[in-house]
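The values are calculated or read from the model by the stated rules, or taken from the named source; none is laboratory data. Computed from a predicted structure; not experimentally measured. We place every Cβ from the backbone using ideal geometry, glycine too, and count neighbours over all the protein chains shown.
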Amino acid sequence: MASVDYFERRLDDKRRLTIPVELREEFASGVVLTRGFGHYLHLYPRAIWERDVEPALHAPGSILDEKTADMNVRFRRGKTEADLDQKQGRVTIEQHLLEYAGIDRDVEAVRAGDYWRISVPNAE
């Protein structure tokens, strides 16, 4: 089976994103949504967040290191966790995250390694 690395969707009236059937197993552990590095969102399978991101945010170093602190603030501000709706494969995106990314209804998702970048279509 071919891997899915890109998809476009329209959020429903309740701000829910439907994950393609081919990807739902990837999100069986749950979903973590955060602000991205730019004006877009990161969508992580919870297992990837717990295995890779959380330990990276707790990397050894000075508690006063500004870069480490800034990265923690970026990823934790507005972070939401949810379980995928098993019947429809949907996840609700909180309004404050949509506003941060400038998303109204239409979104595109692009795989960026082990996570997904969620943005308005054709965003650079």
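Does R24 fit the bill of being among the basic types (K, R), at pLDDT 95 or above and surrounded by 14 or more Cβ atoms within 10 Å (Cβ to Cβ)? Criteria not met by R24.
Listed by position, the helices (runs of 4 or more DSSP H) enclosed by the stretch 1-117 that each have at least 2 residues that are more than 15 Å from the chain's Cα centre (by Cα) and of a type in the set (A, V, I, L, M, F, W, C) are 54-57, 66-76. Restricting the stretch 56-108 to residues that are in contact with a strand residue (DSSP E or B) (Cβ under 7 Å, 6 or more places away or on another chain) and of a type in the set (S, T, N, Q) leaves a set whose member that is nearest to P45 (Cα to Cα) is T80. Only residues in the stretch 52-72 that are over 21 Å from R35 (Cα atoms) count as the first member; pair them with residues that are polar (S, T, N, Q), Cβ under 9 angstrom, at least 6 apart or cross-chain, and list the lot. From residues that are over 21 Å from R35 (Cα atoms), the pairs are G61/T68; S62/T68. Close contacts from the stretch 81-93, counting a first residue that is touching a residue at least 12 places away in the same chain (Cβ under 8 Å) and a second that is part of a loop (DSSP other than H, G, I, E, B), with Cβ to Cβ under 6 Å and a gap of 6+ residues or different chains, come to D83/G30; G89/I19; V91/L84; T92/R15; I93/R15.
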